[in-house]
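Single-structure report; data block below.
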Amino acid sequence: MFFTNRNRAGAILFIGTAWFLMGTIVSEVLYPGYRVTQMISDLGVGSTAMLFNTAIFGFGLLLIAAAYQLNSTGTNRSFLVLLVLTGLGATGVGIFPETIIVPHAICAITVFVCGGLCAVLGYRVFSGPWAWFSPVLGIITLVAVVLLGAKCYLGLGAGGMERMIVYPLIIWAFGSGAYLLAPEHG
């Protein structure tokens with residue numbers, strides 16, 4: 001079967017997202033006493049540091065690789081820039097654990113904001129129902145970023161509100177990867 005750059009980007013995005021999600025889940029299980037009300041980046045220090053930091057770093061690299069593959073397909077330039085910035089932020093989170101406060105915070109905010117904006121811009125990149133779902137997931141992420149920043153956790157705790165940022169991005173990345181893997185009809 002012949003794979004286009006678009007299909008390769010979809011595969012890379014899907015694999016990177018799976019790697020990050022599985023690395024996070026396994027880290028949550030292995031981290032002594034971890035609760036989902038804790039921040040996700042807590043997994044990047046202590047006994048699960050190597051597993052979690054490798055997963056998020058690899059995820060970031062694969063986001064950048066997906067953007068590279070999409071670059072030759074005429075994909076919206078703003079979307080590609082945001083995808084690369086999201087990837088750079090994720091690699092930075094893997095390099096700078098939460099104990100290195102300022103660089104970690106800058107990288108995490110970059111992932112949250114650029115990832116949310118990238119999903120919103122999906123309406124310019126995707127067609128059909130995914131062109132509608134993509135921006136909705138981005139808006140959910142961006143609203144949760146504002147709520148987390150305002151320390152308005154809606155009873156979820158800081159870690160729970162952070163998941164309201166990250167989970168829509170994970171759903172978006174899986175969905176976008178699957179969308180790009182599908183053959184183009186046109």
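Assorted remarks:
- Rg/Rh for segment 62-186, where both radii come from Cα atoms and Rh is the Kirkwood radius: 0.99
- Computed from the Cβ-Cβ distance with R0 of 41 Å, the FRET efficiency linking Ile101 to Ala131 stands at 0.60.
- Ordered by the count of other Cβ atoms within 10 Å of each Cβ, fewest first, Arg6, Arg163 give Arg163, Arg6.
A short reminder: the numbers here are calculations on the coordinates, not readings from a lab. What you see is a predicted model; the values in this text were computed from it and never measured. Because the Cβ atoms are built from the backbone with ideal geometry, glycine has one as well, and the counts that use them run over all protein chains shown.
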